[in-house]
Structures are given as C-alpha cells and as structure tokens.
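**Student:** The structure follows.
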Amino acid sequence: MNGTDAVRPAVAVLGAGISGLVAAWELERRGHDVVVLEADARIGGRIWTHRFAGPDGPVAELGAMRIPPDHTLTLRYVDRLGLGPRLRPFATILSEPDNRLRVGRRLVRVRDAAGPLTDDTRERAGGGPHRPDALLFTGWLHAMVRAIAPAELRELARRDLGKLLAVAGRVDLAPFVDDGRADLGGALAAHPGLRAACDPRLESFLDDLVRESGPGMVRLAGGMAQLTDAVAARLRRPVRTRHEVTALDVRADGVRVALAGPRVPAALTYPVVLCTIPFSVLRRLRLTGVSADKLAAVRTLDYGAATKVALHCREAFWTGDGIAGGGSAPGGRVRQTYYPPVEGDPDDGAALLGSYTIAEDADALGHLPPARRHAAVLGELRDLHPALGGPAAIRETVSVAWGERRWHRGCAARRWGLTEAARVREAERTACPQGRLFFAGEHCSATPAWINAGIETALDAVERIDAFLRRAGDRPGAGASA
Ligand SMILES: Cc1cc2nc3c(=O)[nH]c(=O)nc-3n(C[C@H](O)[C@H](O)[C@H](O)COP(=O)(O)OP(=O)(O)OC[C@H]3O[C@@H](n4cnc5c(N)ncnc54)[C@H](O)[C@@H]3O)c2cc1C
C-alpha cells in the first residue's frame, strides 16, 4: 500500500452516481470524513448530460431525463442545491397533439389517434360489440404499453387484451375519456379490477407506465447532470475518478478495497465502506467475508438494459411538422423519440433523442457496433421524419448502450411481477449490510430505476453508517489509519 492517504478517511463510498454522492455529502454533514472512489473518468453514473458542440451547445440526456411530481426526495435535493429555478415542465411521450404513434401499419398523429386506436382494439379483440369508452381506454393503454414497455410485456398485454376489454366494459370509464384521450392513471386508480386483468409482470410495470406518461413531470434546463455536479462540488474531498474497485474483502476491523487505475494504489483498507456499485457489476468482482445469502442476492438480482441514441441536428426540423415537443412512438427498433426544446442559440442546432429503448429492445440495438446502431436508428427515423434524409441534416450522433457499459451492465434493477411485500423483502436483502460493508443505490429500493430510489437508499445507508460509527466509538471527523 502506498502512503497517499497518511490518514485514511473513515468511510469510502464506492461509486459517484447520485446515491454515492448524496451519501457522501450527508455523511460529511454528520461530521464524518469521506472519500468517493469512482471507476469512470466522469461522475454522475446513470445521470449523464451530453453537450453537443461546446459548452453552450444543445444537450442530450443519455441517462435520466425527467423527474415525476411524486419524487419528493429528488425534488427536495433539486431545491437544496439551488436548482429549483432551473425546473421546467417535461413534455412526455405522446403528450403533444402532433406527436406520432404507430397504430397497426400506420403512423398517426395523437390528435387523430382515437378512431384508429378504437378500430384496432376492436379488431384485435376479434370484433363484437364493445362500449366506446372501453375501446378507447384499452386502445390508449395498449398504445402506451407498445410505446414504453419492452417486447416481453407488450406480448403479455396483447395476449390479455380481451380480458382487459371485458373488465373495462363493466366499469364506468366515461369520467376518464375525453376528447379522444384517456386518463390512464385516473382510470387504473379508480378501478383496481383493470390492473387485476393484466398479467402480474405487466401489472407491476403499470406504475412506471402511468408515471412516465402522466402529467406534472419536470426536467432541469441545462441538463440533469447539474444535480450530481452540484453535490460533488459541495464535497470536502474531490471525487477520485479512474479508481476502479476490483475486489472487496470484509474483515473484522475494516474493508479492504482492491483497486485498478492509473497511479492508483493496489488496495486500501477503510473502517467503513458504502458500496453503490450496481449488482450487475459487483457480481463480477471478488467478494470475500460476505454471507452466502448476500452473494446469492448480488448474483441473482434481475437487471434490464437501456439504449439511447441522440442526434445533433442542424435545426429543430420537427417544428416544421407541427411538433412542439413531447415524444413519438414509431415502434420498430426506435420505439421512443423525444423532441427536447431548443434553449440556446438556434445556430448551434438542436438535440433530438432519436431512440430510447429498454430491455430486449435495448439489447437489440446495444449489441450492434455504434456505427451500425446509429444507421439502424436513422434508417427508421427517416420514415418518421423524412426531413432527416436531407443533406447535412445531422451533425453528429452519439449513443449509450447501458447494458454494454463496463460500469453498469444494465439500466436498472427490475422487480417486475413481485408483490409489494416481496419487493420490500428483496430490497431489504439487497441493502442488508455485511459487517462494515454497507449498500445503497437504486437497486436497494423496493421501487428501483429512478433517481429518487438512489437518494432514498443513500439516506437509509447514511443513518445506518452514522449509528454504526457512533456505536463503534469512531470519533466523527477523525480518520482511521489503515
Ligand atoms: C437510460 C436511462 C434513463 C433513465 N431515466 C430516468 C429518469 O428520467 N428519471 C429518473 O429519476 N431516473 C431515470 N433513470 C434512473 C436513474 O438514472 C438511476 O436510477 C440513478 O441515477 C442510479 O443512481 P445510482 O447512484 O444508484 O447508480 P449509478 O448512477 O449507476 O452510480 C453507480 C456508480 O458506480 C460506478 N461504478 C461501477 N462499477 C464500479 C467499480 N468497479 N468501481 C468503482 N466505481 C464503479 C459507476 O461508474 C457509477 O458512477 C434512468 C436511467 C437510465 C440508464
């Protein structure tokens, strides 16, 4: 071990995503000495704002892009970090009248979708008499499932369409359909039988579907990375990037952290370690001094992929098609296309989130080399927006396949198909400390896959670590030597 840390901090936090950064900040505020070790050259983890064309160019969110209104922890930190004035409404998928969606073989505008969705639903159900509100509700729910859900859940929805339509026909949906649209969240909350008509895997996805397609979503003008940057800027010690953890050994008096990276010591031992490394990565590291049950939890936690492909366009050509924002759902390999507002100088061009896919759909694109991935997305986008075929319409294309990234190997932990009690049990098992090794990260939450989950689990871990260090008699502020 070299002597770069003559006095070692009491706590090492592994991972500089939102959970690691918030935990480090809160531990410091309780008087503990903390260091954050991050494998990547950048901080932020799954919050990643890419800026095209220099410091004032348009931004593309390659990771998290919006905050739902019920995510009070995320909103609390936005506020505490002074970012409240940067909050703007986020226009979500199919929220704008001129967003496009695929119904059967056709691409239609949201404003014209009621008729085609009703006909399509009736046809898929094999004809027969059905109430118009039941057809419209089922049509829109299925349109959202086709837009947002991965192939596996789309197939379950298709299989159970008749069952859902039958239940929809027996309840009063009139208050939830208006002007050719359906209030999916309102109808599902008012009539639990509608949820029960769905397969359990799809049913547990419906909360995210309603959240993602519902009203009140916000974003940060200038990019979500301001959140993680602002927390990092408040830490006493700078985050140590390019510090890749390769093994963890939990001992009676500390945790030995084996490291790789340029000019990085081979191993350091800390009195307490908080690990926020996703289990999809952790399962590839050597873990010793950890219970068999914990190892099983690390090995078996289910992860889904996500792939985003963003284009730097010469101009926001979609406004010429009447699209003011929101997102289209063209299906195919592209799945979701978002139109972020142009906030800077229009001469700097505009960012388009050309494709956002999850799970199997994300793997299909993610497994392609970037050039082929970009060509595949562009080929389909030109059907949606012929303007993209014009000369020099695109300045640059970037993408991230989260399932392929060495530091992530997935987009988020999945707890689909589990009851709420089972989700809570699994989250407790994921978060359960091992002696001096503690855990946080979205995967430790019963409601994973959001920034809010990362913060929630960070705060839980901080309470546990603070209590542990005080019990162990480690004086806050004083580092322990290795
Ligand atoms: C495409 C996409 C879209 C999303 N959209 C939204 C959204 O709109 N709204 C929302 O709220 N949430 C969204 N999320 C989820 C949200 O981004 C995550 O839940 C949250 O950022 C996870 O934070 P975390 O700290 O748990 O993990 P991470 O941010 O992944 O942090 C873990 C850190 O550990 C590091 N690490 C990994 N391996 C090692 C190692 N061996 N050694 C050291 N460090 C290591 C990683 O590099 C990373 O920085 C999205 C996620 C993705 C991928």
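**Student:** Work out Dmax and Rg for the chain from the C-alpha atoms and quote the Rg first, both in angstrom.
**Tutor:** When restricted to the Cα atoms of the chain, Rg and Dmax are 23.7, 79 Å.
**Student:** Percent relative contact order of region 365-443, based on C-alpha pairs within less than 8 angstrom and at least six residues apart?
**Tutor:** For region 365-443, the relative contact order is 21 percent.
**Student:** Mean separation of Cα pairs under 8 Å and 6+ residues apart, divided by the residue count of region 75-201: what relative contact order is that in percent?
**Tutor:** 20 percent.
**Student:** Just add up the charged neighbours of VAL177: K/R +1, D/E -1, any other residue whose Cβ is under 11 Å from the Cβ of VAL177.
**Tutor:** Net charge around VAL177: -3.
**Student:** Probe of 1.4 angstrom, ligands and nucleic acids ignored: what's the accessible area per residue over region 1-142, in square angstrom?
**Tutor:** Result: 40 Å² per residue.
**Student:** Using a 1.4 Å probe on the protein chains only, how many percent of the accessible area of the chain belongs to carbon and sulfur?
**Tutor:** Carbon plus sulfur share of accessible area: 50 percent.
**Student:** Let me ask something else about it. I'd like to check one number: the per residue accessible area of region 306-401, probe 1.4 Å, reported in Å² as a whole number.
**Tutor:** 38
**Student:** Counting Lys and Arg as +1 and Asp and Glu as -1, what is the net charge of the other residues whose Cβ lies under 14 Å from the Cβ of ASP70?
**Tutor:** Net of charged neighbours comes to -1.
**Student:** As a check on your grasp of the helix formula, calculate [θ] at 222 nm for the chain: sum -39500 (n - 2.57) over DSSP H runs of n ≥ 4, divide by the residue count, round to the nearest 500.
**Tutor:** Estimated from H runs of four or more residues: -10500 deg cm²/dmol.
**Student:** So how strong a dipole does the chain carry about its Cα centre when Lys and Arg Cβ are +1 and Asp and Glu Cβ are -1, to the nearest 20 debye?
**Tutor:** It comes to approximately 1280 debye.
**Student:** Averaging sequence separations of C-alpha pairs under 8 Å and six or more residues apart, then dividing by the length of region 1-135, give the relative contact order as a whole percent.
**Tutor:** Here the relative contact order equals 12 percent.
**Student:** How large is the accessible surface of SER291 in square angstrom, using a 1.4 angstrom probe and rounding to the nearest 10?
**Tutor:** Approximately 50 Å² of SER291 is accessible to the 1.4 Å probe.
**Student:** Could you please report the charge total around ASP347, scoring K, R as +1 and D, E as -1 over all other residues with beta-carbon less than 11 angstrom from its beta-carbon?
**Tutor:** So the environment of ASP347 carries a net charge of -3.
The values are calculated or read from the model by the stated rules, or taken from the named source; none is laboratory data. Bear in mind that the values here come from a model prediction, so they are computed numbers and not experimental data. No Cβ is skipped: glycine too gets one built from the backbone with ideal geometry, and neighbour counts run over all protein chains shown. With ligands, DNA and RNA removed, areas are computed over all heavy atoms of the protein, side chains included. Shrake-Rupley method; radii C 1.70, N 1.55, O 1.52, S 1.80 Å.
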